[in-house]
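J.: Got a structure for you, questions after.
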Amino acid sequence: MRIIKTESIIDVVKDMCIKANIHLSQDMEDTIRKAAAEEDSTLGRQIMNQLCDNLDIAARDEIAICQDTGMAVFFVNIGQDVHLEGMNITDAINEGVRRGYKEGYLRKSVVSDPLLRVNTNDNTPAIIHYDIVPGDKLEITIAPKGFGSENMSRVFMLKPADGEEGVKEAIVKAVMEAGPNACPPVFVGVGLGGDFELSAELAKKALTRKAGEHSKLPHIARIEEEVLDTINKSGIGPGGLGGKTTALAVNIETYATHIAGMPLAVNMCCHVNRHVTVVI
């Protein structure tokens, strides 16, 4: 049994909030720069180069990559041999978010009620997904999510008869309908299977996958590649102004599902696909 004081999580989360919003992970940055170099459209290449310049400015001046610093979304894996001692872990994470968004001069984008729309002024509460895993470690992943792309996400309650073609058509449909509104080039997170809510969670988690990695399931990896190719032939391009770089990756996560259904969620993310993981 390993004891972790939850108070120690606060500063870790604070730093994660700031880092995720200022610096893209190296794999994400490399993917964007590679796409910029390979874009054929003159206007598309100009836009991609501006995105690269923006990354440089954010890193140099220690300012947010995007003005929408997102809702703070967390995936927390708690080792079953860990004993958390002290304040409630959810309270600790939210306090870390509160401090991170204040000290990092990050925009506070959360309202306490969907209809009354009163800003909480500290970007809390966060959205936290917990999982119990083997071991004695605590793994925390933050994935701040802006809502320009989030608003263009979709859930399709497909039927088994829709098959592989139905899956591919639904993903492409979501991207096509999003058009320029998701701030392309995009990362496309897909959750396939489970039920209504799990498919959406899987889609969100899929966005945290390392750039360039495909599913370990051969048939899913093939679908990822085929759908990405179809999307990039659409001509939507960077900023929706034309080009071959509409999506930078299609990541599909799967789970078992019911004999009568095939839930599919598509979580759109702009090129600022932010995530940081820390293991305590």
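Every number in this text was worked out from the coordinates using simple rules, so none of it is lab data. Everything numeric here is computed off the predicted structure, so don't read it as measured data. A quick note on method: Cβ atoms are made from the backbone with ideal geometry, for glycine too, and the neighbour counts reach across all protein chains shown.
J.: Toward the positive end of the charge dipole of the chain, about the Cα centre and with charges on Cβ (Lys, Arg +1; Asp, Glu -1), which of 104, 191, 262 goes farthest?
T.: Selected residue: 104.
J.: Quick one: if the Förster radius is 35 Å, what FRET efficiency do residue 91 and residue 256 give, using the C-beta to C-beta distance and rounding to 0.05?
T.: 0.55
J.: Under 29 Å from the Cα of residue 34, which lysines turn up, not counting those fewer than eight places away in the same chain?
T.: Output for residue 34: 19, 145, 168, 173, 204, 205, 210, 216, 233, 244.
J.: Follow-up question, since we're still on this one. Once Lys and Arg get +1 and Asp and Glu get -1 on their Cβ, which of 82, 58, 20 lies farthest toward the positive end of the dipole of the range 1-90?
T.: 82
J.: When the Cα centres of the range 73-97 and the range 187-256 are compared, how far apart do they sit, in Å?
T.: 29 Å
J.: How big is the charge dipole of the range 147-273 about its Cα centre, in debye rounded to the nearest 20, if each Lys and Arg gets +1 on its Cβ and each Asp and Glu gets -1 on its Cβ?
T.: Once rounded to the nearest 20, the dipole reads 260 debye.
J.: Let me ask another. Enumerate by residue number the GluC sites (Glu not before Pro) in the range 183-253 meeting two conditions: DSSP loop (anything except H, G, I, E, B), and at most 12 other Cβ atoms within 10 Å of the site's Cβ.
T.: 213
J.: Let me ask you something else. Using only alpha-carbon positions, what ratio does the radius of gyration of the range 153-262 give when scaled by 2.2 N^0.38 Å?
T.: It is 1.02.
J.: Suppose every K and R has +1 on its Cβ and every D and E has -1 on its Cβ; what is the size of the dipole of the chain about the Cα centre, in Debye to the nearest 20?
T.: I would put it at about 320 debye.
J.: Also: May I ask you to list, by number, the DSSP H helices of the chain whose Cα span along the axis is at least 15 Å and whose average Kyte-Doolittle hydropathy reaches 0.5 or more?
T.: 7-22
J.: So what is the 222 nm mean residue ellipticity for the chain from helices alone, if each DSSP H run of at least 4 adds -39500 (n - 2.57) and you divide by all residues, rounding to the nearest 500 deg cm²/dmol?
T.: Value at 222 nm, helices only, nearest 500: -12500 deg cm²/dmol.
J.: Compare the peptides 111-121, 165-175 by average per-residue count of other Cβ atoms within 10 angstrom and give them in order, highest first.
T.: In decreasing order of mean packing, 111-121, 165-175 become 165-175, 111-121.
J.: Something else: Kirkwood hydrodynamic radius for the range 1-109: how many Å is it when counted over pairs of different Cα atoms?
T.: Taking the inverse mean of 1/r over all distinct Cα pairs, the range 1-109 comes out at 16.0 Å.
J.: So I have (i) 1.27; (ii) 1.10; (iii) 1.02, and one of them is Cα Rg over 2.2 N^0.38 Å calculated from this model. Which one is it?
T.: So the structure-derived entry is (iii).
J.: Residues with beta-carbon under 14 Å from that of residue 222, excluding residue 222: net charge, scoring Lys, Arg +1 and Asp, Glu -1?
T.: -4
J.: Out of all DSSP beta bridges in the chain, what portion is antiparallel? Express it as a percent rounded to 5.
T.: If we restrict to bridges inside the chain, about 50 percent are antiparallel.
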